[in-house]
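This report refers to the structure that appears directly beneath it.
The values are calculated or read from the model by the stated rules, or taken from the named source; none is laboratory data. Quantities reported herein were computed from a predicted structural model and do not represent experimental measurements. Because the Cβ atoms are built from the backbone with ideal geometry, glycine has one as well, and the counts that use them run over all protein chains shown. For accessibility, only protein heavy atoms count, side chains too; no ligands or nucleic acids. Shrake-Rupley method; radii C 1.70, N 1.55, O 1.52, S 1.80 Å.
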Amino acid sequence: MSEAPLLAVENLSVAMGATPVLEDVSFQIAPGETLGLVGESGCGKSVTALSVMRLLPNPPGKFLGGRILFDGTDMLSLDIAALRAIRGDRIGMIFQEPMTSLNPVYTIGDQIGESLIVHRGMNGSAARTETAKLLDLVGIPAARNQLDRYPHELSGGQRQRVMIAIALACRPKLLIADEPTTALDVTVQAQILDLIGRLRVELGMAVLLITHDLGVVAEFCDRVAVMYAGRIVEEAPSAELFRNPRHRYTEALLHTMPAANPPGRKLPSISGTVPAPADRGAGCIFAARCRFAIPRCSTDLPPLTEPPHRLRCWNPA
Amino acid sequence: MTTTTPAVTTAILPPRRLIARTLGTPGAVAGSIILVLLVFGALFASLLSPFDPNATRVCPRLAAPSLTNFFGCDLFGRDIFSRILHGAQLSLAVGLLTVAISLIAGTIIGMVIAFLGGRVDRIGVRMLDVMLGFPAIVLAILIVAVLGVGAFNAALAVGISGIPRIARVIRSATLTLVGREYVDSARAVGASQTRILRRHLLPNLWPIVIVLGSLDLGTAILSTATLSFLGLGAQPPTAEWGAMLSAGREFMRYAPWTMIFPGLALFLAVMSVNLVGDRLSHVLDPRASGHV
Amino acid sequence: MPWFVRRVLGIVPTLFLTWTIVFGVLQLIPGDPVMLALGGTPASDEVLDNERRRLGLDQPVYIQYLTFLKKMAIGDLGNGYSSKQPVSEMIAARVRPSLELALGGLLVGILLGVALGIAAGLRPHGWIDTMTMSTALVGVSLPSFWIGMLLIYVFGLQLEWVPILGDGIDALILPSITIGLFLAGGLARLIRSALIETMTQDYIRTAHSKGLSAVRVVAKHAMRNAIIPPITLLGLQFAVLIGGAVVTERVFARAGLGSMLIDAVLTKDIPLVQGLVVYTTTAYIVINLLLELLYGIVDPRIRSRRA
Ligand SMILES: Nc1ncnc2c1ncn2[C@@H]1O[C@H](COP(=O)(O)OP(=O)(O)O)[C@@H](O)[C@H]1O
Ligand SMILES: [Mg+2]
């Protein structure tokens, strides 16, 4: 990448209590670029996202090392006031749980407008006008009289649209979307993804799109990072990754995609489970589940190679 | 008003393990020590008292605490220490009586309405809820108005006013049991209704009953003493803590010990019972913690 | 039907049942009510019969009951035996001192309980939390009349900081503290647990992700969700208190509804006892209703819930 990255995570290590959950995680996102972060549930995607926003609950979350450079400043070194100025203004975030992520006792108009009041110093009525525009933007029709509705009056998909409106209220440079569609109906999933895709272009934002669905990645992302047990194991431009997956874990993930299998048949899944942190040896953590593991895999940790196609494997495809 | 349903623990621990587990926290140990001293003092009040609690003029009126009269003397020259020891007897007895009344009546009512179900249950629950809408002290005072004043009547009044809450909890607990297999099979083999209630339901309710009782005993002691303080319970010259406090109120300017020691005794008694009861309920049922 | 109309109508049967219980219980008082009404003075049969007729006690019980319900519904509580005054007027004269004390106690309780509860809830197991919670645990065992007396002894008699009698505002200080201390323990515990539970909710994370200040997150986003249990406690305690802080009034020799109730019981003034209990329980039920209406305002989900 020639351009200065908007976000650069460098060698980030995080522990939850005594358990290390992120180890030596590095990736970059250029302005306007969309990076997909994929991996099985529990591999550390949400922890990564929350770390960038410095929203990890502490305790148990602890930063053990690394840097998170947003627009050149290290998020880990910022004081709380500087951090607040970035959160919600220059980085927006949407979460996996639309049903519980909105405050049940305030109207959606209030919750969207709040960012504008806090960051843009708008008064109530200016915020209201702007909020109505935002609701239009995220595709909630007849926006004006929707402002006074409460979250419990909306469907899951509509709530996620409201979350998107909140995240985008201040036109952030970066949107972090942590499995934004996982909790939604299949038909609604596509609508929400379309919306994010469209707004990304309209607003020229960079997006960190977290998902465990490779199909979503293929459709939306410029580049993909694959995570396994707290480490990035492979990273490449999407087209390259799908055409030429090299890590055995990535390969296995691709085989579990619906498109890779005859319709009507039960999807295959990767056999075995992620070993608990206590049971991990010195080598590649995937070795225990890998059909192509060689002796070296369980003794030495493979290093991550350089871009454009980064890889952490001793015996790649 | 909240009524919580403790989980139904079907097995009671053997007594020795129960005691060991109950003594598991510093608070419970402190509570147990005070409680044991208190029970000891109450049981042997007559032996331990240096004076007859009701004998007047055993010391100068309102005399300060001294080596002969540890807690001083009241207006009539009675020895406060001796009166407090005898008061322990009365307080514990009255507290136990009160709790027994609430538990026995509350358990029977709760079991029966849940067991009969249907309209009996609906009307019963409605009545219990209305009763729970009376502030506890008002209900007790209303009952005293009917029964008349006196230590026994105060115990009765506090006991009766505690019935609705117990009945409500026992009803919910019984409902969870009524659907169980052994109740159905007992019904199938034609066991009589009272037999099912006694042999199949009651044994399973014991742990809850014990938890409720241990949580209520402290409140019972406090409430009956309150009624006596208000002049609605034990009457002078009975050696009773609440009544002693009421008398001591008027002389506290000259003889603060007349109100300090009875109040301290009452506080320690209630606290020790609460500490032990709270812990006991934890041990018998981890979910029923903290509703004192 | 709008939710609040449904709620308001819902208390009618409760009021009816409550009044019925009061009437029923008082029927059980042993002795001839006419004798009690005459204060035990010996009287001829003729006088007794006249009095009986005047009080409606010659009617069968069910007629008396219906008359009672009718009178309650229009707020006629009858005349007291000893004073011969209308009970409603006697009660009205005592409402003020009891209300003052209730408000004073509530104020102290809220100031103390809210501050400690929030401090404890934001830092569970910190030192404020540990201290507040162990004090609260011990505090539930403290007889409030003893605390009241100790306060009088220390601050009134020894230090002479505050008067212990009189009806000025400063005479309210110690009784308010007595009640407030008692309220604060329970309140702090409730606020603490509600806040701890609320602070782990997803919408709190959302609020932080918007870049809001910690104060705004707690005061706006957490408190409104955590506030229903504490409001309930305060409301119910207030409901009990406006019926008279029986014990505290006694300790501080205040003439309120509580001390009136005790005197009425001791003198067997049945109409007065009946009137006071009806007033207290009705106030309790009405405040309960107001609380439910308040929940609806605080939490929109309650408004839209179907019956
Ligand atoms: N609040 C927490 N407390 C303790 N452990 C946590 C917490 N949140 C996440 N973890 C642990 O961190 C690891 C990564 O979790 P997460 O980032 O949520 O995975 P995912 O990739 O599914 O988003 C998991 O092992 C999880 O158990
Ligand atoms: Mg996740």
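Considering only segment A:106-240, what is the antiparallel percent among its DSSP beta bridges, to the nearest 5? Mind dumping the intermediate values first?
Values: 6 of 11 bridges.
Restricted to segment A:106-240, the bridges split so that about 55 percent are antiparallel.
In nm, to one decimal, how far is the C:MET35 label point from the C:HIS125 one, both placed 7 Å along Cα→Cβ?
About 6.7 nm separates the two model spin labels.
I'd like the orientation of helix A:186-203 relative to chain A: the angle between its Cα long axis and the longest Cα principal axis, in ° from 0 to 90, rounded to 10.
Orientation of helix A:186-203: about 80 degrees from the principal axis.
Taking the solvent-accessible surface of protein heavy atoms with a 1.4 Å probe, what is the per residue accessible area of segment C:88-306 in Å²? Present the calculation step by step, with values, prior to reporting the outcome.
On the way: 8970 Å² over 219 residues.
Ligands and nucleic acids excluded, the figure is 41 Å² per residue.
Using alpha carbons only, how many angstrom separate the centre of segment B:53-116 from the centre of segment B:134-177?
Going from one Cα centre to the other spans 20 Å.
Dipole size in debye (nearest 20) for segment C:3-76 around its Cα centre, Lys and Arg Cβ +1, Asp and Glu Cβ -1?
Details: 7 positive and 7 negative charges, 132 e Å.
In total the dipole reaches around 640 debye.
Take segment A:96-215, compute every pairwise Cα distance, and split them into 10 Å bins from 0; I just need the percent in each bin.
14, 47, 34, 5, 0
List, by residue number, every residue in segment C:286-304 with a reduction of 30 Å² or greater in accessible area between the chain on its own and the complete protein assembly, 1.4 Å probe.
C:PRO300, C:ARG301
Using every alpha carbon pair in segment B:97-267, what percent of pairs falls into each 5 Å bin from 0 up to the bin containing the largest distance?
1, 9, 15, 16, 15, 12, 10, 7, 6, 4, 3, 1, 1, 0, 0
Could you tell me how far the Cα centroid of segment C:73-89 sits from the Cα centroid of segment A:49-128, in Å?
When both Cα centres are located, 63 Å separates them.
Report, to the nearest 10°, how far helix C:257-266 tilts away from the longest principal axis of the Cα atoms in chain C, using its own Cα long axis and a range of 0 to 90°.
Taking the Cα atoms of chain C, the angle to C:257-266 is about 40 degrees.
Kindly provide log₁₀ I(q)/I(0) values, in the same order as q = 0.09, 0.13, 0.14 Å⁻¹, from the Debye equation applied to equal alpha-carbon scatterers of chain A.
Each listed q maps to, in turn, -0.48, -0.97, -1.11.
Apply 1/(1 + (r/R0)^6) to the Cβ-Cβ distance of C:ILE231 and B:ARG61, taking R0 = 56 Å, and write down the FRET efficiency to the nearest 0.05.
0.65
When the Cα centres of segment A:1-48 and segment A:251-313 are compared, how far apart do they sit, in Å?
When both Cα centres are located, 18 Å separates them.
Between C:LEU28 and B:LEU47, take the C-beta separation as r, use R0 = 51 Å, and let me know the FRET efficiency to the nearest 0.05.
Values: r = 42 Å, r/R0 = 0.82.
Approximately 0.75, to the nearest 0.05.
Chains C and A: what accessible area do they bury, summed, in square angstrom to the nearest 100, with a 1.4 Å probe?
2200 Å²
Carbon and sulfur together cover what percent of the accessible area of segment B:166-292 at a 1.4 Å probe radius?
The value for segment B:166-292 is 59 percent carbon and sulfur by accessible area.
Positive end of the dipole of chain A, charges at C-beta (+1 Lys, Arg; -1 Asp, Glu), about the Cα centre: which of A:HIS212, A:GLY66, A:ALA225 has its Cα farthest in that direction?
A:HIS212
Divide the volume of the convex hull of the Cα atoms of the protein assembly as shown by its number of residues and quote the answer in cubic angstrom per residue.
242 Å³
Carbon and sulfur atoms: what percent of the 1.4 Å accessible area of segment A:107-220 do they account for?
The nonpolar share, carbon plus sulfur, comes to 50 percent.
Can you give me the span-like helices of chain B, meaning DSSP H runs with 30 Å or more of Cα extent along the axis and Kyte-Doolittle mean at or above -0.5?
Membrane-span-like by this criterion, though nothing is claimed about a membrane: B:80-116, B:151-178, B:202-229, B:257-284.
Residues of segment C:194-210 losing 30 Å² or more of accessible area relative to the isolated chain, 1.4 Å probe, heavy atoms only?
C:ASP202, C:TYR203, C:ARG205, C:THR206, C:HIS208, C:SER209, C:LYS210
For chain B, what does -39500 (n - 2.57) per DSSP helix run (n ≥ 4), summed and divided by total residues, give at 222 nm, in deg cm²/dmol to the nearest 500?
Dividing the helical sum by the residues of chain B leaves -22500 deg cm²/dmol.
Along the three principal axes, how long is segment C:88-306 when you take its alpha carbons, biggest first, rounded to the nearest angstrom?
Principal axes ranked by extent give 64, 50, 28 Å for the Cα atoms.
As I understand it, the value is the acute angle between the Cα axis of helix A:124-137 and the longest principal axis of the Cα atoms of chain A; what does it come to in degrees, rounded to 10?
Tilt relative to chain A: about 50 degrees.
Carbon and sulfur together cover what percent of the accessible area of segment C:3-76 at a 1.4 Å probe radius?
65 percent
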